[in-house]
1. From the residues in region 282-313 that are exposed (fewer than 12 other Cβ atoms within 10 Å of the Cβ) and in contact (Cβ under 8 Å) with a residue 24 or more places away in the chain, which one is farthest from the chain's Cα centre (by Cα)?
2. Residues that are more than 30 Å from Lys104 (Cβ to Cβ), free of Cβ contacts under 8 Å to residues at least 24 places away in the same chain and assigned to a loop (DSSP other than H, G, I, E, B): does region 260-281 have at least one?
3. Taking Glu150, is it free of Cβ contacts under 8 Å to residues at least 60 places away in the same chain, in a loop (DSSP other than H, G, I, E, B) and open to solvent by 10 Å² or more (accessible area, probe 1.4 Å)?
4. Report those strands (runs of 3 or more DSSP E) wholly inside region 156-203 carrying at least 3 residues which are touching a Gly at 6+ places or on another chain (Cβ under 6 Å).
5. Could you grab me the full set of residues in region 224-260 that are among the β-branched types (Val, Ile, Thr) and within 20 Å of Trp274 (Cα to Cα)?
6. Which one is modelled with the lowest pLDDT among residues in region 1-41 that are in a loop (DSSP other than H, G, I, E, B), in contact with a helix residue (DSSP H, G or I) (Cβ under 9 Å, 6 or more places away or on another chain) and not aliphatic (A, V, I, L, M)?
7. Suppose the filter is open to solvent by 10 Å² or more (accessible area, probe 1.4 Å) and more than 14 Å from the chain's Cα centre (by Cα); does Asp172 pass it?
8. Which one of these does Leu19 not meet: (1) closer than 27 Å to Val162 by Cα; (2) open to solvent by 20 Å² or more (accessible area, probe 1.4 Å); (3) of a type in the set (A, V, I, L, M, F, W, C)?
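The values are calculated or read from the model by the stated rules, or taken from the named source; none is laboratory data. Fair warning: this is a prediction, and the values are worked out from it, not measured in the lab. Heads up, the Cβs are rebuilt from the backbone with ideal geometry, glycines too, and the neighbour counts pull from every protein chain shown. Just so you know, the surface numbers come from the protein's heavy atoms only, side chains and all, with ligands and any DNA or RNA stripped out. Shrake-Rupley method; radii C 1.70, N 1.55, O 1.52, S 1.80 Å.
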Amino acid sequence: MTEAPFRFNFGAITPEHFLEAYWQTEPYLFRQALPGVEHLLTPEQLSELSCNDEVESRLISQADSGWQLKDGPIDHLDEYLSQPRQALLVQSVDLWHPGVSALKRQFSFLPSWRVDDVMVSYATQQGGVGPHFDFYDVFLIQGAGQRTWELGDLCDETASLVPGAPLKILSDFEAKTCYTLDAGDVLYLPPRIAHCGTAIDHAMTFSIGFRSPTLAELFDDLATELWSLPTSAHYRDPPLKCDADPLDIPESVIDDLQALLHSVVDDRSRLADWFARYMTTPRYPELDTLVPEHRVARYQGTSYVNGFREDEA
């Protein structure tokens, strides 16, 4: 296990205060929380990773004609990164770089099974991805260089976006707060806060995002779990009446249907077992033989690793 050569410095507040007052509620800037992080990864190492077919990466360019997006691997990447207003984004760098993986352990005051991955972005002068918002929590860790972060209002699915842009860029972003981050600074953003990061010169940022599945995603995966139920768990009619309108769906049908579904979600043991599997399933299961990912959780003494209960691994 590789240890990070730094420790998270909370400064004037405690982890307990942060969780009570800011987590999923308000942005918070930790000044010099991780000094030394700027030496963790070089732009050359990140560029080399982005040329790997197994690594998810994107190049975002801003020109007078609008925004452009290229998916990796990208030919002639050096040519792009020699120009201003370019941003290279590489997902799950923690899978490929032990030092970046160790960075996640600086956030042990939060559930480890909630951590998604560490995305690393490298931007040339004035580079960025435009104003946007996320539905998940994120810690923006400034590596080498400086980057300004403008923060706006809370957003939702109805927010206006730039038409025709290859990214979900807010069209009416209005900055309310602005921070300039130096190497080692960490900015926490709760879900749905509009934000826009711009590199002052060449700058690298480590983004630790947290899994925040939608209700639809949860139910979709839970539906797969239902395949393991006994075959006797079928829909059955309640008592029917001969004089009922054959087109009507009686309230008694909905009552029985609701009870059938409750029989699944009210089973806490089954629900907990499914949820632990779901939240520990690796982001890229197909890479597990190449780059083993260790996502671990524990529920009532039972450990789960990479989507499996310990007695199944």
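1. For region 282-313, the residue satisfying everything is Gln300.
2. Scanning region 260-281, I find at least one residue that is more than 30 Å from Lys104 (Cβ to Cβ), free of Cβ contacts under 8 Å to residues at least 24 places away in the same chain and assigned to a loop (DSSP other than H, G, I, E, B), so the answer is yes.
3. Considered against the rule, which asks whether it is free of Cβ contacts under 8 Å to residues at least 60 places away in the same chain, in a loop (DSSP other than H, G, I, E, B) and open to solvent by 10 Å² or more (accessible area, probe 1.4 Å), Glu150 comes out as no.
4. Numbers: elements: 177-181, 186-189, 193-199.
In region 156-203, 193-199 are the strands (runs of 3 or more DSSP E) which contain 3 or more residues that are touching a Gly at 6+ places or on another chain (Cβ under 6 Å).
5. The initial filter retains those residues of region 224-260 that are among the β-branched types (Val, Ile, Thr), namely 224, 231, 249, 253-254.
Of everything in region 224-260, those that are among the β-branched types (Val, Ile, Thr) and within 20 Å of Trp274 (Cα to Cα) turn out to be Thr224, Thr231.
6. So the first thing to find is which residues in region 1-41 are in a loop (DSSP other than H, G, I, E, B), and the list is 1-14, 22-27, 31-36, 40-41.
Next, only the ones that are in contact with a helix residue (DSSP H, G or I) (Cβ under 9 Å, 6 or more places away or on another chain) stay: 1-8, 10, 13, 33-34, 40-41.
Still in the running and not aliphatic (A, V, I, L, M): 2-3, 5-8, 10.
Working: Thr2: 48, Glu3: 52, Pro5: 65, Phe6: 74, Arg7: 87, Phe8: 93, Phe10: 96.
Going through the qualifying residues, I end up with Thr2.
7. On the way: open to solvent by 10 Å² or more (accessible area, probe 1.4 Å): yes; more than 14 Å from the chain's Cα centre (by Cα): yes.
Answer is yes for this residue.
8. With (1) closer than 27 Å to Val162 by Cα; (2) open to solvent by 20 Å² or more (accessible area, probe 1.4 Å); (3) of a type in the set (A, V, I, L, M, F, W, C) applied to Leu19, the lone miss is (1).
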